[in-house]
Ligand SMILES: Cc1cc2nc3c(=O)[nH]c(=O)nc-3n(C[C@H](O)[C@H](O)[C@H](O)COP(=O)(O)O)c2cc1C
């Protein structure tokens, strides 16, 4: 468990081997049993693994805002091979939903590492166009997209110095600064 938590980094470049549908369903099963405020379960999910839909979805998500523009978006042949779209069914509930989304997505991300996948949790998305493309009724809120595939890049944690910006080195490796443990433990009683 600890190994998976430390291993998980955002991945934005993917090998093109297909991700098995059964494993994508399993990831949603992990989300299904995540903690939920008042246990009112409004989250629903769309799996996209069909190549035609994937190609149409790809331009509707935005990559790596901290990087210079030419380094952000996966190059041709390194795109995600699957997506999970996280939806809120507003007929069920709307309150506290962002906490529910966070817990569900993290279950998916950690489960994905265990299967050898890399993921990018994406909030910068074109909700209107995704709704249209995937024919999602209005009573759903499209919350987040998770891009998935077998990783084709490496990403490592770096000590935080004075900026939260992640960067990519000349070999294409990602570096992600994280604040040190002693800085974020505000108090111990
Ligand atoms: C709520 C949320 C929204 C995010 N949205 C995007 C996004 O739209 N595009 C993107 O490339 N990364 C996105 N990320 C990924 C973050 O950039 C990434 O988690 C952060 O840089 C830390 O890297 P790490 O996940 O490897 O620790 C998002 C992460 C979170 C939690």
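Relative to the current alpha-carbon distance between residue 161 and residue 184, full extension at 0.36 nm per residue lengthens the span by 6.9 nm.
Across every direction, the projection of the convex hull enclosing the Cα atoms of the stretch 2-153 has a mean area of 9.0 nm².
Listed from fewest to most Cβ neighbours within 10 Å, the set 23, 43 follows the order 23, 43.
Between residue 69 and residue 5, what FRET efficiency follows from the Cβ-Cβ distance if R0 is 35 Å, with the result rounded to 0.05?
My answer for the efficiency is 0.65.
The order of the peptides 178-184, 166-172 by mean Cβ neighbours within 10 Å, most packed first, is 166-172, 178-184. By other beta-carbon atoms within 10 Å, ranking 147, 163, 155 with the fewest at the front produces 163, 155, 147. Among 6, 150, a tally of other beta-carbon atoms within 10 Å of each Cβ gives an order, fewest to most, of 6, 150.
Each reported figure results from applying straightforward, stated rules to the coordinates on display, with no laboratory input. This one's a predicted model, so the numbers in the text were calculated from it and none came from an experiment. With ideal geometry, Cβ positions are generated from the backbone for all residues, glycine too; neighbour counts draw on all protein chains shown.
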